[in-house]
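In what follows, a structure is listed as structure tokens, so that the remarks can point back to it.
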Amino acid sequence: QVQLVESGGGLVQAGGSLRLSCAASGRTFRALAMGWFRQASGKEREFVAAIAWNGISTDYEDSLKGRFTISRDNAKNTVFLQMNSLKPEDTAVYYCAAAAWIGGRSPSEYANWGQGTQVTVSS
């Protein structure tokens with residue numbers, strides 16, 4: 001079992017930046033693929049970004065490429081999501097998720113989830 005704790009959310013003006021962190025415990029972090037998802041009020045959870053266990057391969061939702069960057073520090077058991085040029089439509093609860101070795105774009109591919117962190121972007 002993996003425990004995930006997100007942090008770094010908050011209120012930011014449009015055009016600003018936030019860096020989300022997700023600390024993992026309970027299982028060898030290096031064996032985990034990690035993903036970020038988000039869920040806006042009244043909408044389904046959607047894929048944001050994913051990173052392979054070794055940090056070499058990354059994937060992004062197409063519309064977020066160039067603004068969001070996923071990275072990981074295996075020595076600190078932490079995955080990050082750097083979000084730049086934020087827009088009001090980025091407002092959502094952001095979740096990190098863990099999958100054994102390989103993770104994709106579907107939430108069903110991830111077995112473990114954090115509690116989420118709220119990101120609110122004001123116009």
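Do we have any residue at all in segment 62-72 that's polar (S, T, N, Q), open to solvent by 60 Å² or more (accessible area, probe 1.4 Å) and assigned to a loop (DSSP other than H, G, I, E, B)? For segment 62-72, residues polar (S, T, N, Q), open to solvent by 60 Å² or more (accessible area, probe 1.4 Å) and assigned to a loop (DSSP other than H, G, I, E, B): absent.
Count of segment 1-37 residues, restricted to those that are polar (S, T, N, Q), part of a loop (DSSP other than H, G, I, E, B) and modelled with pLDDT of 95 or more, is 1.
Of all residues being small (Gly, Ala, Ser) and under 10 Å from the mean Cα position of the chain (by Cα) in segment 53-97, which is farthest from Gln3 (Cα to Cα)? Just the residue, please. Give the steps one after another, and end with the answer.
Restricting attention to segment 53-97, the residues satisfying the condition of being small (Gly, Ala, Ser) are 55, 57, 63, 66, 71, 75, 85, 92, 97.
With under 10 Å from the mean Cα position of the chain (by Cα) added as a condition, the list becomes 71, 97.
Values: Ser71: 18, Ala97: 10 Å.
Filtering segment 53-97 for residues that are small (Gly, Ala, Ser) and under 10 Å from the mean Cα position of the chain (by Cα), the one farthest from Gln3 (Cα to Cα) comes out as Ser71.
Does Trp53 count as at pLDDT 95 or above, at negative phi and of a type in the set (Phe, Trp, Tyr)? No.
Determine which single condition Glu46 fails, assuming it passes every other condition in (1) crowded, with 16+ Cβ neighbours inside 10 Å; (2) touching a strand residue (DSSP E or B) at 6+ places or on another chain (Cβ under 7 Å); (3) farther than 14 Å from Gln118 by Cβ. Of the numbered conditions (1) crowded, with 16+ Cβ neighbours inside 10 Å; (2) touching a strand residue (DSSP E or B) at 6+ places or on another chain (Cβ under 7 Å); (3) farther than 14 Å from Gln118 by Cβ, the odd one out for Glu46 is (1). The requirement of being open to solvent by less than 30 Å² (accessible area, probe 1.4 Å), part of a loop (DSSP other than H, G, I, E, B), at negative phi and in contact (Cβ under 8 Å) with a residue 60 or more places away in the chain is satisfied by Gly103.
Considering only residues in segment 1-40 that are among the polar types (S, T, N, Q) and touching a residue at least 40 places away in the same chain (Cβ under 8 Å), the one that is least open to solvent (accessible area, probe 1.4 Å) turns out to be Ser21. Residue under question is Lys76, and the condition is that it be of a type outside the set (A, V, I, L, M), over 24 Å from Ser123 (Cα atoms) and free of Cβ contacts under 8 Å to residues at least 60 places away in the same chain; does it hold? When the stated conditions are applied, Lys76 passes them. Checking Ala97, Ala50 one by one, the residue that is aliphatic (A, V, I, L, M) and under 22 Å from Gly10 (Cβ atoms) is Ala97 and no other.
The values are calculated or read from the model by the stated rules, or taken from the named source; none is laboratory data. Note that the coordinates shown come from a computational prediction; the quantities given were computed from them, not determined experimentally. Methodologically, a virtual Cβ is constructed for each residue, glycine included, from the backbone with ideal geometry; neighbour enumeration extends over all protein chains shown. For the accessible areas, the whole protein counts, side chains as well, though only heavy atoms, and no ligand, DNA or RNA atoms are used. Shrake-Rupley method; radii C 1.70, N 1.55, O 1.52, S 1.80 Å.
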